[in-house]
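Down below is the structure, laid out as structure tokens.
The values are calculated or read from the model by the stated rules, or taken from the named source; none is laboratory data. Fair warning: this is a prediction, and the values are worked out from it, not measured in the lab. Please note: Cβ atoms are built from the backbone with ideal geometry, for glycine as well, and neighbour counts cover all protein chains shown. Protein only, heavy atoms only, side chains kept; ligands, DNA and RNA dropped before computing areas. Shrake-Rupley method; radii C 1.70, N 1.55, O 1.52, S 1.80 Å.
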Amino acid sequence: RKCTDFTFSSKDEPSLKITFSKFMRRFFYVLSFFLCFVTFGQGKYQLSEDHYEKALNLYRSKSYGLAREEIDQSIRYVRNAKAYYLSGLIYEGQGKELRAVADYEATIKYDENFSEAYFQKGIIYLKYHDPQQAIRDFTFLLNNTGSETRSVYFEIDPIGNKQNAVMSLQNLEAKIHHYRGQAYQKNGEYDKAMLDFEKAIELDANPDYLVSKGLLAFSRGDEIAAIHAYKKAIQLHPDHQLAWYNLVLIDPTAEIPEGLVGKGGFGPTLSLLAARALAKKDYDLALEFYNKAIAESPNGLSLINRGRVLTKLGKLVEARSDFEKARYVDPSRFEAFYLIGNTFFFQEDFEEALAYYNQYLSIDPEHAMTWYNGAMAYLELDMGEEACNYLSKAQFLGMNEATILQQKYCQ
């Protein structure tokens, strides 16, 4: 039939109605499925965002365990760059830095220009001795200094605002040069490291950057450049502990102003000054520095060293007290046994001295001086056989004095 002549007969109507009915049912089925799919998709994204916002607020309040639960839920619904990035920050908050790296790598998988992830993982790679990867990450950032950063890391926007861009990486350019310089230094690329440190100082005259430059210069044998860098750091920050410490370490003429000596944070430098005075046999000055260092921050090494000074000054009871405190503060300070033994020896309590010498020798049987001092104690007690046995051990370990005494007492 021609299209123009096409008509329906009465017998055609039932099949047409059935076909049209099936079509409509299928149409509504597809439409319902589509609407259901769209609704489910919208619900999934909303749930993900809700969990993300909760995780962000918990992260800011340092509730890392609860934040971990929320961000894991967010990622289960939707995987995206910002969720993985926040997950990495939470892992860092929990002290799981290497686990955080995996999430920062995942962040970049979903957004290859996510600058903060490069920054965070670059620092971790630097810390955990992968300087080559750290260099790559920091170089990426320096090549993209116009990239926007998000408030979740820098916390400039306290209410979050869904991580609206709040600043540019240009604000961190000096810091990134400094970090990359440290990575180059660890990688043995010292010229590149120095260039980065100098660029960082050019962008921001920060004393920390100058100290890094000084340390690199000193490691390469350039003491003059190192001293210059430390002094410039001190000009910028007169009580910069690390600058003073390193300056005093290599410049014997350096003197810390009296007003700074009593300030907090100078414990290591005071200990260094005390050691320098001790080497010059200026025991009173050494004691003065150790007293100030220990008052600020008591630690095993400082107590051991002050005890040595007190022993030199003949203050044996005070010295013994310091050695005992050193063992309490730091149980790994086994040399305290030997030193306590010496205080008893000088007080002519030879039996007590031997008790401590033997206790130390049970830990360090290769310490020639303890064998020798023990021999001296046995000789004072008229125990020649034991003394000769100890002298034999001391001689075997290289003490010439023991050989002389053996010839005198052990023939």
Filter the cross-link list K127/K192; K280/K393; K213/K292 down to pairs whose alpha-carbon distance in this structure exceeds 24 Å. K280/K393; K213/K292
Report the label-to-label distance for A205 and Q407 in nanometres (one decimal), using points 7 Å from each Cα along the Cα→Cβ vector. 6.7
Å² per residue, accessible surface of segment 283-340 at 1.4 Å: 48
Whenever you get a sec, compute what percent of the accessible area on segment 183-257 sits on carbon and sulfur atoms (1.4 Å probe). 53
Which percent of the accessible area of segment 358-411 is formed by carbon and sulfur heavy atoms (probe 1.4 angstrom)? 48
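Mind putting a number on the dipole of segment 341-388 about its Cα centre? Charges go on the C-beta only, +1 for Lys and Arg and -1 for Asp and Glu, and I need it in Debye to the nearest 20.
Numbers: 0 positive and 10 negative charges, 34 e Å.
The dipole of segment 341-388 has a size of about 160 debye.
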Could you give log10 I(q)/I(0) at q = 0.14, 0.18, 0.19, 0.24 Å⁻¹ for segment 183-292, computed by the Debye formula over C-alpha point scatterers of equal weight, without solvent? -0.59, -0.88, -0.94, -1.25
Most to least packed among 59-66, 122-129 [average Cβ atoms within 10 Å]: 122-129, 59-66
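Which of the peptides 282-291, 395-404 is most tightly packed, and how do the rest follow, going by the mean number of other Cβ atoms within 10 Å of each residue?
My ranking of the peptides, most packed first, is 282-291, 395-404.
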If I stretch the segment between F396 and D191 completely, what's the gain in nm (0.36 nm per residue apart, minus their alpha carbon distance), one decimal? 69.0 nm
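Can you tell me which of 271-279, 221-229 comes out highest on packing, and rank the rest after it, using the mean Cβ neighbours within 10 Å? Let's see the in-between values first.
Values: 271-279: 19.2, 221-229: 16.1.
The peptides rank, most packed first, as 271-279, 221-229.
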